[in-house]
Amino acid sequence: MSWYTIILLSLLVCLVAARLYKFSAGSLKITQVNMISYIFYFDLLIFSYLGSIVILLFNNAEFNNLIDNILGGPKTKLLVWECISYAMIAIAVGMIIANIFFNFNSKEIDAYHAKPIRSLFSEYDSYVKIPLYILAVICMLAITYTFISIGTIPFIKSFFLSSADDVLALRKIADKDFAGNVYVKNFFGLVLTPILCYIFYCYYLIDKSLKNRFWFHIMFFFAFMMLTYDASKSPFISFLTGFIFLKVLISGNISFKKFLGLIVLLLVLLGIIYMVIAKQDIMEIFFSYNSGITGRILISQVSSLYQHFEIFPSDHPFIGFSSLSKVLPLSHFSDRSGRIVLETTTPGFADLGGVYNTLFIGEAYANFGWWGVFLTPLWIGFLIQSLHILFLRLPKTPLFLGLFVFFSFTSNITGGVNEYFYNILYLLLAITILAVWVTAYLLHRSQQVKQIPQAV
């Protein structure tokens, strides 16, 4: 296929996809970024599709070992580009199916933006805050427990290490060799703490009280500590982008000047983190096409996708549902595809922990073959838009806004497909939020009963 044919077809796919995503997102303006447009622009277009086009067009260029060592060469590169092209359209189709199923109109998005933030049960939500304060204390204790179990604070220690290999060894201690309870670390630290931070920030926006400001600041500090616990680069940056989503959800948009300023700030922070953790100089961080931030954005996220299509099923049988969770009563449990690709391609790094994550169609293919590639984009599109519609129809309260923001940047599709079938952390989150709501409701009702005058 000629280079101009690839470019023309890619442009056509982007135009068709943009048209379809707009039906569900309401707007694709970058200053009105939301759950749907974020997935389109960042997870699909920037982190996946652009990279596949570059790799296909510059076939003879050296990118990284995962891409340079694929046996299929140009054939595999063309296959990956075709699969991503299909996924971009199919996800949007799945979203439109959800729109039809739930009788959704994009005008509901504007109506949501126009609503003010309100309390859930009472003027100051004192009954909601009681269980939230308890959860916040539990989260702080869980994060303290996490660092005690690790024996150090990896992000701080990274400043005093001399090489990226030393940082990788430190990440192994924090992640793969973690001696504590994984569910305590992941749920209370990585999931619940950021959500509570957003919730308390919303309460602060309502009344500007010192108490809500204090809780926001303390949860922000613990969120930072936890999201950098294994010296990772992106989780904390993603957390910060959540405040952009929050601004849009509250007011309907963010000025281009402010948006640009925030993006520059995030890039500067990311550059500093790369200098500290990856031990790269400033030129390599921003201007190397296959490393640093540029390489991470264009190449790294999509690179293991090529190996997925070559390793399965020739070197490893299709996984099916056996990699969902050790908690489920499965006949046998398998490592996820990203871990298998890591162990197959770079076994020397396997002992350090981690996985080779990529666009979800990689794991979909590794699990179910071509049926996975064909059907899972439709399912994921349907599920994401269903969640989007649910949040738009829930009351615009700090509790639900915090959840809305969290899922706006964590419903990313570059981590795999298993989360869209089963995710125990999100199940625990749903139970926790329900418990908060029920507790607050019962406290509110009991107070109302006390205030009813008793008949003499």
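Readers should treat all values here as calculations from the given coordinates under stated rules, not as data from a laboratory. All values derive from a computational prediction rather than experimental measurement. Note that each Cβ is placed from the backbone with ideal geometry, even for glycine, and that neighbours are counted across all protein chains shown.
Straight-line cross-link reach from Lys29 at under 25 Å between alpha-carbon atoms covers these lysines, not counting any fewer than eight positions away in the same chain: Lys107, Lys115, Lys247, Lys257, Lys258, Lys396.
Mind putting a number on the dipole of the chain about its Cα centre? Charges go on the C-beta only, +1 for Lys and Arg and -1 for Asp and Glu, and I need it in Debye to the nearest 20.
Details: 30 positive and 23 negative charges, 340 e Å.
In debye, rounded to 20, the chain gives about 1640.
Hey, what number do you get for the chain at 222 nm if only DSSP H runs of n ≥ 4 count, each worth -39500 (n - 2.57), divided across all residues, to the nearest 500? Numbers along the way, then the final one.
Details: 22 runs with 296 residues, N = 456.
Using -39500 (n - 2.57) per qualifying helix, the result is -20500 deg cm²/dmol.
What pairs in Lys233/Lys326; Lys176/Lys233; Lys208/Lys233; Lys22/Lys77 have C-alpha atoms more than 22 Å from each other? Check vs 22 Å cut-off fails for Lys233/Lys326; Lys208/Lys233; Lys22/Lys77. About its Cα centre, the dipole of the stretch 38-154 is roughly 140 debye, where the only charges are +1 on Lys and Arg Cβ and -1 on Asp and Glu Cβ.
Sorting Arg445, Arg336, Arg213 on the 10 Å Cβ count, fewest up front, what's the list?
On the way: Arg445 12, Arg336 22, Arg213 15.
Lowest count first: Arg445, Arg213, Arg336.
Would you list the membrane-span-like helices of the chain, meaning whole DSSP H runs whose alpha-carbon atoms span at least 30 Å along their axis and whose mean Kyte-Doolittle value is at least -0.5? Result, helices passing both filters: 3-25, 74-101, 126-150, 256-277, 370-393, 424-451. For the chain, the relative contact order is 26 percent, taking Cα pairs closer than 8 Å that sit 6 or more residues apart in sequence and dividing their mean separation by the residue count. Charge tally for Asp175 (other residues, Cβ to Cβ under 10 Å; Lys, Arg +1; Asp, Glu -1): +2.
Relative to one another, the C-alpha centroids of the stretch 103-163 and the stretch 294-353 are positioned 30 Å apart.
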